[in-house]
There are 2 protein chains.
Amino acid sequence: MTHVQPEVPAAIATVPGAVTDRAGARIVALDCYDVRFPTSLQHDGSDAMNPDPDYSAAYAVLRTDAPGLEGHALCFTIGRGNEVMVAAIAALRHHIVGRNVADVSADLGGLSAAMIGDSQLRWLGPEKGVMHMAIGAVVNAAWDLAAKVAGKPVWRLLADLTPEQVVGLVDFRYLDDALTPAEALEILRAAQPGKAARIAELERSGYPAYTTTPGWIGYSDEKLTELSRQAVADGFTQIKLKVGADTADDVRRMTLAREAVGPGIRIAVDANQRWGIAEATAAIAALAPWQPYWVEEPTSPDEILGLAKIRAAIAPAKVAVGEHVANRVIFKQLLQAQAADVLTIDACRVAGVNENLAILLLAAKFGVAVCPHAGGVGLCEMVQHLAMFDFVGVSGPRADRVLEYVDHLHEHFTDPVRVTGGRYLAPSAPGFSATLRQQSLRDYEFPHGAVWQRLPGHFDNPSKAPVTAAPIVQQGQ
Amino acid sequence: MTHVQPEVPAAIATVPGAVTDRAGARIVALDCYDVRFPTSLQHDGSDAMNPDPDYSAAYAVLRTDAPGLEGHALCFTIGRGNEVMVAAIAALRHHIVGRNVADVSADLGGLSAAMIGDSQLRWLGPEKGVMHMAIGAVVNAAWDLAAKVAGKPVWRLLADLTPEQVVGLVDFRYLDDALTPAEALEILRAAQPGKAARIAELERSGYPAYTTTPGWIGYSDEKLTELSRQAVADGFTQIKLKVGADTADDVRRMTLAREAVGPGIRIAVDANQRWGIAEATAAIAALAPWQPYWVEEPTSPDEILGLAKIRAAIAPAKVAVGEHVANRVIFKQLLQAQAADVLTIDACRVAGVNENLAILLLAAKFGVAVCPHAGGVGLCEMVQHLAMFDFVGVSGPRADRVLEYVDHLHEHFTDPVRVTGGRYLAPSAPGFSATLRQQSLRDYEFPHGAVWQRLPGHFDNPSKAPVTAAPIVQQGQ
């Protein structure tokens, strides 16, 4: 059918310098960890819909019988329910445990398609929500493993594949009215000239970032102003503010931010799905005098028709959406309906690298910018690889590309992102940069880790459950 | 905002004959059971995407401190992953355990909104997949409890509410560009005249059913022919065939079915999401000589724009979709885009009775028929209440309404559906008809039940995982 049988990627199958027993290793276990950070204590990450996130990760570890060789990836959540993600990842074990690393690495498209097509598990989506994100974690962990065996960071592993190999990694089911394998091949071939130069540019000067650090909704006006000034001093040319809880507050905060950064810096705003369609249009109009660059998630991420209406109404402000868009089918329609100017893809929301490749190709076909969502825990680490491959191998140089950055929790990773002068430096360590430090895993594993032993009842506190910023909640628990 | 604060439904608050200690009871636990039936052994329920379902239920039990008073509901799945649903239901305990039955019953809209708006759990959707279905199970169990305290079946409890009370149960967030609370009130008020007569009619002669029993894709031609004839003899005026694995097979089976039932019986076909858009149009054209009445799930249930294209191409055959439509926002857009003629709502896919009320009201606003999906295990038992309330209190008498029926697994319920002469008889026992027999719970609880003790390794069998009918799977596990 429309899923193209991939050739064995030569870059993976014959790795210069790879230890033989690594390539011949077998996956012996898929371990799942519930890891949580008590970020709600500081209001880091607070927005109109998520006032009290505890940044968390369902952490997937593919263990092998080769010493020291493991594949790592995480699915980001914001606290309660992280154990449901862990259960969903565990439910995928039969697709990967017992298989050879070389076989899995040689057909990552097949792995992805087999899990998405699991005839019983697909009932739980299909292709959306917990089960789909769990597939993403396992696919991403397999990519980490393949990249480690290849001795390359994931972005570079992708960049070294041929256009045919990349097309072979994509499932075109439900896409062919918008993007055929032949069209995808054409896009990838068109990006071949200059690829080596772009790789060199990336390794030399990195990829442009923007920062959301100043804009969390729980921060005071003083903190907002100070962090906005600091962002400009640090070299960022775009910041983002969370909005949507109260229009008067939004206007005040937008005014303060614009005063702090001056006219030459882009200010994006993010409503985190807070509004209905008419409400969004009105609220964004109120911010227009301060020139919002894009408006992210003005309403439900499922709102293809509604986002198209909002987009038509708020130009020149752009519509950005993606971190909660469930799958490539919704992304395709957002593009077909001209509902989005910017796709904020997420490394963990869809079914991993393979589905994100489909989305990068769709975006390139429609000429829409991909500016990935990051932040949380581990999202910056993982998604930078996709943004960099987009630049190197898919969409090429585009002035409007920028990658979100939030300076939280990077210290827990063995290969943390490096952001300097407002730019992400290209990762060079083999893998997907998603490996947690052993000590962090021990300290933050829920509920047994040392940090959680000191915070008994943190998730049981009923005062955390009612969403004071979200009036649809009439009475709590 | 747009969620209307419900009045206390008088029908629930003051129940004639209710035992005082029942109304004053407290919910002391939310128990979750993993219940599975080995239906794949017989190919019951087989279709193009689901060749080997093991019909399963994540069974939610709200225990109270009143003797014998419990609320029951289930979320239907098809086997593997049922344990993930169980974990998701358990993650909602803090929203309901410890609350008074009377308080919960008096604000079921608030319960639904609080769980949907849970500031951490909503990251796992939002409003889709495992977490959303889990909310549906808890909401539905609370409705069962409320109906038992009221001494009425759920359909009748709903029918006895005032239009204002029904509107108060609905969350209008993201709906107001298609349906306002005022419009919903108007629809419900317009259905008041004749309501008593329709209740009497329902209690006298039931609600029209159609049957999918003949049409499972794993059945032989002989079984298909025999069961099709039997369906007509049993009084059904519509049957449904599963299609989509192979067009030549579909044409042969459609021919056999049409010969068996004659020209006066409707034959619906169901492709279970098997096709792309162009593929769907071609495959349905091949069946046109045998007059398919509706074509269900021709492609991805997320395909708003694509379904609209298919619908325009295949008329007079109708497009039916709904059992996998994740939430009211997608349903709204399917209606706005004129992408569906028939909405096949499901009792367990969305966030329970309350969200299904929103969908019934949207369908009525757009004049589109609701013909619920059923089958599986417990789906007929639960969704009949919604179909009956639609007839009595929302859309009124419509010749095109029909409710799916499959004659599997009803023997496991204490109040099984009664279908006779091709019609569902109105349930009369208090509650949502979702209570499993104690012996069935003991026998089929996975993995400890007696049935599963006799089938060790049933879900570990790798031959069950590759989807032979779904060629997107390139290699299995």
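Does B:Ala339 qualify as being more than 14 Å from every other protein chain (Cβ to nearest Cβ) and within 19 Å of A:Val329 (Cα to Cα)?
No, not satisfied.
Kindly provide the set of residues from region B:96-108 that are more than 7 Å from every other protein chain (Cβ to nearest Cβ) and within 28 Å of A:Ser300 (Cβ to Cβ), ordered by number.
Result: B:Val104, B:Leu108.
Give me the residue from region A:147-176 that is more than 14 Å from every other protein chain (Cβ to nearest Cβ), assigned to a loop (DSSP other than H, G, I, E, B) and not charged (D, E, K, R) and, out of that set, nearest to A:Val377 (Cα to Cα).
Across region A:147-176, the extreme among qualifying residues is A:Gly151.
Do you know which residues across region A:360-383 are more than 12 Å from the chain's Cα centre (by Cα) and among the aliphatic types (A, V, I, L, M)?
Matches in region A:360-383: A:Leu360, A:Leu361, A:Leu362, A:Ala363, A:Ala364, A:Val368, A:Ala369.
Is at least one residue of region A:371-391 surrounded by fewer than 24 Cβ atoms within 10 Å (Cβ to Cβ) and assigned to a loop (DSSP other than H, G, I, E, B)?
no
In this structure, does A:Phe446 turn out to be of a type outside the set (Gly, Ala, Ser) and either within 30 Å of A:Trp294 (Cα to Cα) or assigned by TED's automatic domain parsing to the domain that holds A:Pro208 (or both)?
no
For region A:217-318, give me every one of the helices (runs of 4 or more DSSP H) that falls completely inside it and has 2 or more residues that are closer than 30 Å to B:Ala339 by Cα.
Those helices (runs of 4 or more DSSP H) span A:277-287, A:304-314.
Tell me which residues, restricted to region A:72-84, are closer than 26 Å to B:Asp34 by Cβ and within 7 Å of another protein chain (Cβ to nearest Cβ).
A:Thr77, A:Gly79, A:Arg80, A:Gly81, A:Glu83, A:Val84
Test of understanding: among A:Val232, A:Val269, A:Val243, A:Val166, which residue is outside the structural domain of A:Leu361 (by TED's automatic domain parsing) and of a type in the set (A, V, I, L, M, F, W, C)?
From the options A:Val232, A:Val269, A:Val243, A:Val166, the qualifying one is A:Val166.
Quick one: which residue in B:Asp144, B:Asp221 is touching a Phe, Trp or Tyr at 6+ places or on another chain (Cβ under 6 Å), closer than 24 Å to B:Gly376 by Cα and modelled with pLDDT of 95 or more?
B:Asp144
Do any residues in region B:409-420 that are assigned by TED's automatic domain parsing to the domain that holds B:Gly376 have Cβ atoms under 7 Å from those of residues that are acidic (Asp, Glu) and assigned to a loop (DSSP other than H, G, I, E, B), where the two are at least six apart or on different chains, and which pairs are they?
Between residues of region B:409-420 that are assigned by TED's automatic domain parsing to the domain that holds B:Gly376 and residues that are acidic (Asp, Glu) and assigned to a loop (DSSP other than H, G, I, E, B), there is no close pair.
Take the residues in region B:293-310 that are crowded, with 24+ Cβ neighbours inside 10 Å and of a type in the set (Ser, Thr, Tyr); name whichever of them is farthest from the other protein chains (Cβ to nearest Cβ).
B:Thr299
Spot the failing condition for A:Trp123; the list is (1) crowded, with 20+ Cβ neighbours inside 10 Å; (2) out of contact with any Leu (no Cβ under 9 Å at 6 or more places or on another chain); (3) outside any helix (DSSP H, G or I); (4) within 11 Å of chain B (Cβ to nearest Cβ), and only one is missed.
Of (1) crowded, with 20+ Cβ neighbours inside 10 Å; (2) out of contact with any Leu (no Cβ under 9 Å at 6 or more places or on another chain); (3) outside any helix (DSSP H, G or I); (4) within 11 Å of chain B (Cβ to nearest Cβ), only one is false for A:Trp123: (3).
Find all pairs meeting these conditions: Cβ atoms under 6 angstrom apart; at least six residues apart or on different chains; first residue within region A:239-254 and within 17 Å of A:Val406 (Cβ to Cβ); second residue among the acidic types (Asp, Glu) and at pLDDT 95 or above.
Qualifying pairs under 6 Å: A:Lys240/A:Asp270; A:Lys242/A:Asp270; A:Val243/A:Asp250.
Hey, among the residues in region A:126-139 that are at the interface with chain B (Cβ under 7 Å from one of its Cβ atoms) and assigned to a loop (DSSP other than H, G, I, E, B), which one's farthest from A:Phe432 (Cα to Cα)?
Residue satisfying both the conditions and the ranking: A:Pro126.
Hey, B:Asp144 hits all of (1) within 19 Å of the chain's Cα centre (by Cα); (2) at the interface with chain A (Cβ under 9 Å from one of its Cβ atoms) but one; which does it fall short on?
So the condition that B:Asp144 fails would be (2).
Evaluate region B:53-74: report whether one residue or more is farther than 24 Å from B:Gly136 by Cα and under 23 Å from the mean Cα position of the chain (by Cα).
no
Condition check ((1) hydrophobic (A, V, I, L, M, F, W, C); (2) buried (at least 22 other Cβ atoms within 10 Å of the Cβ)) across all residues:
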| position | (1), (2) |
| --- | --- |
| A:Val232 | yes, no |
| A:Gly235 | no, no |
| A:Leu241 | yes, yes |
| A:Thr247 | no, no |
| A:Asp250 | no, yes |
| A:Thr255 | no, no |
| A:Ala260 | yes, no |
| A:Gly264 | no, no |
| A:Asp270 | no, yes |
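Taking the condition closer than 12 Å to A:Leu30 by Cα, within 12 Å of another protein chain (Cβ to nearest Cβ) and in contact with a Lys or Arg (Cβ under 8 Å, 6 or more places away or on another chain), does A:Ala87 pass?
Against the criterion (closer than 12 Å to A:Leu30 by Cα, within 12 Å of another protein chain (Cβ to nearest Cβ) and in contact with a Lys or Arg (Cβ under 8 Å, 6 or more places away or on another chain)), A:Ala87 does not qualify.
How many residues, within region A:109-120, are more than 7 Å from every other protein chain (Cβ to nearest Cβ) and either hydrophobic (A, V, I, L, M, F, W, C) or over 22 Å from A:Ala358 (Cβ atoms) (or both)?
Number of matching residues: 3.
Which condition number in (1) within 24 Å of A:Glu381 (Cα to Cα); (2) in contact (Cβ under 8 Å) with a residue 24 or more places away in the chain is the one that A:Thr77 fails?
Status for A:Thr77: all satisfied but (2).
The values are calculated or read from the model by the stated rules, or taken from the named source; none is laboratory data. Computed from a predicted model, the values in this text were never measured in an experiment. Reconstructed Cβ throughout: ideal geometry from the backbone, glycine too, with neighbour counts over all protein chains shown.
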